[in-house]
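Below is one structure, written out as structure tokens; the observations come after it.
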Amino acid sequence: MRGALLGLSVSLALCCCVLGWDGGVEGQDTTGVQTQVRQAGPVEHGIEWEEEREDIMMDDPGVEEIKPKKKKSIEEVEAARAKKAAEKEAKAKKQKANKAPKAPKPTKKPKATKAPKKLKATKAPKTTKAPKATKAPKTTKAPKATKAPKATKAPKVTKPKATKASKTTAWKEEGVKPVTRRPSLEEDEEKLLIELGWDRLDSRPSGHTPLSAGSKTLTEHGQDYWDTKLDRERTTTEVIMYVSVAAKQLEEEAEKARKEKEKKVKQLRKKWEEEEEERLRKIPVHAEPKKCPPLGLESHRVDDDQLLASSQSHHGFSAQRGRLNMQSSGNEEGVYGGAWCAEPEEKNHWFEVDARREVEFTGVIVQGRNSDTAEDFVSTFYVSFSNDSRDWMVLHDGYAEWLFYGNVDRDSPVMVQFDWPTVARYIRVLPQSWNGSLCLRVEVMACQLTSSFRSENEVNPTDNLDFRHHNYKDMRQMMKVINEECPNITRIYNIGKSSAGLKMYAMEISDNPGEHQTGEPEFRYTAGLHGNEALGRELLLLLMQFMCKEYNENNPRVRRLVEGVRIHLVPSLNPDAYELAYEMGSEMGNWGLGHWTEEGYDIFQNFPDLNSVLWGAEDRGWVPRIVPNHHIPLPENFLNGSVALETKAIINWMERTPFVLGANLQGGEKVVAYPFDMQRPPKATGTLGSRRELRPGVNHEMNEETWARMQRQNGDALRETSDDTMFRWLAMSYAHSHLTMTETQRGSCHTDDISGGQGIINRASWKPVVGSMNDFSYLHTNCFELSVFLGCDKFPHESELPLEWENNREALLSFIEQVHRGIKGIVRDMEGKPLANATISVDGVKHDVKTAAAGDYWRLLNPGEYRVTARVDGHTLQTRLCIVGYDSGATPCSFTLAKSNWDRIKQIMVLHGKRPIRLVTKAPPRVGSDISGGSVGSVDATKTGATGGMGGTSANSHNAERLRRLRLMRLRKMHQQRLRYNFSTTTPVATTTTTVAPTTTAELETESTTSWYDSWFPVESSYTEPTPAEVFTEIQESEPTQDYTFEYKFEDY
């Protein structure tokens, strides 16, 4: 039995060798052999399908590329496996049915596929070379790789179902492990050549040449064999050509597919980038928030009807009081509260602002209540938005509703900014926690959206100027640039230094800068008395730029101002405080930050109180004999006392420059205030000239009730200056030239309208102050000065500067032109030399002015006829009738004074104890008459009367008094006759004024004597001259004016 089995196995091995030889003879094509070997390699060693496909395409370009199949589902894989197993079983049955076949002919290629049937014989010996014996079946894959059009049966045999998976399964059943390392291409070729008996691939015989010396040569073949071989070679050539064409097509298709793939990748990448950008836009970016200007609650651009609140505690704390930096009235519970305060019993609290159109909200500023006693402020709050005021959306931070932290005190503003702008029309602040009562002041930051409609914030100024805030360095640089552009009309100088050492720069604008021209008035604008009131500072810098630019462009109005007025502009009188306010920003400084100097002084109220000096002298009757009504000297040691360095510098500047008109620009209100700034105190006015009013035993001190009644009866009489009508005109010239100052229908900044619709107010009746700059300028110099309050917002945002410039430009220019209103002239002596410090008096106005060093003067007056008198020591006075018309320009009214013997008269008065000199000598009594004009008999009767001793003495004194009055009347009459005589015989110096009047001429009245005699001896019959003892007694009993603490001797003035 064993011998039979061994013989059977040997015969099978021989058959296999014969079949292998026949295959080698029939398929002597090297390419086919290489293809079969390289197809078998990956399958044998378990290499992936992609690597196998690449190797085949690389070694044989004629082989058709096998495209990878699509992924199948698990069900499809299981079905394919079941189908595969069924086909395998059917095939096995078929092979069993066709046992012991005859030797195949060379032309029948498919019969070579029966080799797998003989694998079963090779499975018996489990040797390591068993996998190599299975290489014969792998030759069956060659027809599939080189699919010839005529080989129709090849695809059936070379189905790719006998894949790695099936073979791996077979190896697992046989217990043979697959080789893990894949042999290289050279090793496969070498093994094949050794098996075929070829030593080298290049020495391989072609056609029917024997392969080796020991191999069997097939020299004897039939005709059919050679015909078939020629057909096969022909077919192989066609297949190669077809494969080359197909390869080109495949390359083109691959290139096209690659380009399409790249295009698709680009499209996908672009789409991905767009999606990523959209995603990033939706993600909150914690970058620097957008900065927007304020909506206008503090500046009152937002009307009262745009503010709404959930409730209010009482009338004085309504939503309209919830503006940033709103100031309360003196009464804490009055109608003008310092914030919006909610009803404490309410549960939901909110403060709403209507922007009237959609805007970009970027933040809010909150502040506590303005109060001297209460500490009320909101500490935390939410913010919500709406477009219809019904549906509200609370601002989120990405996780929850965004809770903002507010104030920690009542005065300091706190700004909260949103990370991204929110577009809406309505905004609400929802307080959540607060200190004390729920009180709030708010400002909203918002940007206007681009639209075809104009808003208040959108101003297109006609002037190309630098609209921004300038710190100290920028201001100095700006003034330097203007001076370089207009060197012929500008000059920069400083009036002094601040307490921190910063210079207070001033710019002079004139056709002859640096020198006072005779007949040219001096004008000044000052700003920055309070450092946090920055609008005036910027307006003066803009005015400098404007005048320089317009002068170079030959603007006739500006040229007329430059050539006719010497203009001084001081943008910052308190530079130290401005730097502090500038660092905090336009909205973050509170009402008082930067208001005072570095040393703590309020410059505007740091001047000497000359009002009390004047009013005290008036109460005693010392004006104008002892105390003048103008150029009142400074009190002793004032400059050595508690005075700011800035104040001293301003006083020195005022004294050395003959200013005629000026204004200081401030903020916090919108009104023009004129002097007096101080209110006259409640004091009885018992003067020497009104001794009839004094009653013995009556207390002339007034209580508060009497003073209040006196104020109501006299009205503004206790607050008015002697030039009150002129001050009112000057104030109205600015207020009515301003575009919005007279629009007072909405009230003032903090209360109801205080100006009566005119935009002007007397400071003493509004907010009286002691020692103000305006009162000092009026009483110590010739300058008429006012305070211009430019707006509710002391430190407006830069975006509001163009609007404020448009509102104030015309008013600034118009007020400068008022310096030419009234009269002007020069006072000279008979030799033509100017007389400095000559006094110019106007009848009916109890305020005089003095001439400058060049003898020129300017007196501001309203239209009308005025008797003007010029006097100076050592010269005779002169009076003229001057007419002020309605035309522009001051009326010339000059004087020429002659020398007098006034010095000699003063020497004589000193010898007589400064008493009036009796010029009339006593004449001896005539015979038959006594001193009273009666007969001698009457005198004797008077003297001899027994009972008429006392009565005669009284009658004599009465008659003596009557005679004295009669003598004074005769002397006055003689004096007037002498004046008329001199007037008729003396040629006047000037007969007419230069004022253009319709039919009015004024003659010059020249007096040859001084007026001291007439002024000291009034002729009223009711006047009783006081005795020296009475004068001394009243001076001793009189007390200084109330509310004025000074100890000065009026005799020293």
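At-a-glance table
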read-out: Residue 425 being open to solvent by 60 Å² or more (accessible area, probe 1.4 Å), of a type outside the set (Val, Ile, Thr), modelled with pLDDT of 95 or more and closer than 21 Å to residue 297 by Cα; value: yes
read-out: Any chance residue 627 is under 37 Å from the mean Cα position of the chain (by Cα), touching a residue at least 24 places away in the same chain (Cβ under 8 Å), assigned to a loop (DSSP other than H, G, I, E, B) and under 24 Å from residue 782 (Cα atoms); value: no
read-out: Test: residue 390 is among the basic types (Lys, Arg) and free of Cβ contacts under 8 Å to residues at least 12 places away in the same chain; value: yes
read-out: Residue within region 662-680 that is farther than 26 Å from residue 600 by Cα and surrounded by fewer than 21 Cβ atoms within 10 Å (Cβ to Cβ) present; value: no
read-out: Checking residue 619 against (1) at pLDDT below 90; (2) in a loop (DSSP other than H, G, I, E, B), the condition it does not meet; value: (2)
read-out: Total residues in region 647-671, condition under 28 Å from the mean Cα position of the chain (by Cα) and under 26 Å from residue 857 (Cβ atoms); value: 2
read-out: Odd one out for residue 470, checked against (1) on the phi < 0 side of the Ramachandran plot; (2) assigned to a strand (DSSP E or B); value: (2)
read-out: Hits in region 333-366 - residues which are under 19 Å from residue 751 (Cα atoms) and buried (at least 16 other Cβ atoms within 10 Å of the Cβ); value: 336, 337, 338, 339, 340, 341
read-out: Selection from region 874-899 of residues that are surrounded by 18 or more Cβ atoms within 10 Å (Cβ to Cβ) and in a loop (DSSP other than H, G, I, E, B); value: 876, 877, 890, 893, 894
read-out: Output for region 737-762, where each listed residue is of a type outside the set (Gly, Ala, Ser) and either open to solvent by less than 20 Å² (accessible area, probe 1.4 Å) or at positive phi (or both); value: 738, 741, 749, 760, 761, 762
read-out: Residues satisfying the stated conditions in region 495-530, i.e. part of a loop (DSSP other than H, G, I, E, B), within 27 Å of residue 578 (Cα to Cα) and of a type outside the set (A, V, I, L, M, F, W, C); value: 498, 499, 501, 528, 530
read-out: Subset of region 590-608 that is over 12 Å from residue 643 (Cα atoms) and open to solvent by 20 Å² or more (accessible area, probe 1.4 Å) - its residue that is farthest from the chain's Cα centre (by Cα); value: 598
read-out: Some residue of region 515-527 being touching a His at 6+ places or on another chain (Cβ under 7 Å), on the phi < 0 side of the Ramachandran plot and among the small types (Gly, Ala, Ser); value: no
read-out: Residue within region 817-830 that is β-branched (Val, Ile, Thr), closer than 29 Å to residue 760 by Cα and out of contact with any His (no Cβ under 9 Å at 6 or more places or on another chain) present; value: yes
read-out: Matching residues, region 774-814, being in contact with a strand residue (DSSP E or B) (Cβ under 6 Å, 6 or more places away or on another chain) and assigned to a helix (DSSP H, G or I); value: 774, 777
read-out: Complete set of residues in region 783-803 that are of a type outside the set (A, V, I, L, M, F, W, C) and open to solvent by 30 Å² or more (accessible area, probe 1.4 Å); value: 797, 798, 799
read-out: Test: residue in region 325-344 that is touching a residue at least 60 places away in the same chain (Cβ under 8 Å) and farther than 16 Å from residue 441 by Cβ; value: yes
read-out: Filter result (within 21 Å of residue 779 (Cα to Cα) and acidic (Asp, Glu)) within region 818-867; value: 843, 848, 856
read-out: Residue 558, sole failed condition from (1) modelled with pLDDT of 95 or more; (2) crowded, with 23+ Cβ neighbours inside 10 Å; (3) touching a helix residue (DSSP H, G or I) at 6+ places or on another chain (Cβ under 6 Å); (4) more than 16 Å from residue 475 (Cβ to Cβ); value: (2)
read-out: Residue in region 268-289 that is aliphatic (A, V, I, L, M), modelled with pLDDT of 90 or more, part of a loop (DSSP other than H, G, I, E, B) and under 35 Å from the mean Cα position of the chain (by Cα) present; value: no
read-out: Condition met for residue 652 (surrounded by fewer than 17 Cβ atoms within 10 Å (Cβ to Cβ) and at pLDDT 95 or above); value: yes
read-out: Flag for residue 373 being under 30 Å from residue 545 (Cβ atoms) and exposed (fewer than 14 other Cβ atoms within 10 Å of the Cβ); value: no
read-out: Test: residue in region 634-641 that is surrounded by 16 or more Cβ atoms within 10 Å (Cβ to Cβ) and either under 16 Å from residue 676 (Cα atoms) or of a type in the set (A, V, I, L, M) (or both); value: no
read-out: Boolean, residue 615 is farther than 22 Å from residue 669 by Cβ and among the aromatic types (Phe, Trp, Tyr); value: yes
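The values are calculated or read from the model by the stated rules, or taken from the named source; none is laboratory data. Fair warning: this is a prediction, and the values are worked out from it, not measured in the lab. Note: ideal-geometry Cβ built from the backbone for every residue, glycine included; neighbour counts use all protein chains shown. All accessible areas refer to the heavy atoms of the entire protein, side chains included, with ligands and DNA or RNA removed. Shrake-Rupley method; radii C 1.70, N 1.55, O 1.52, S 1.80 Å.
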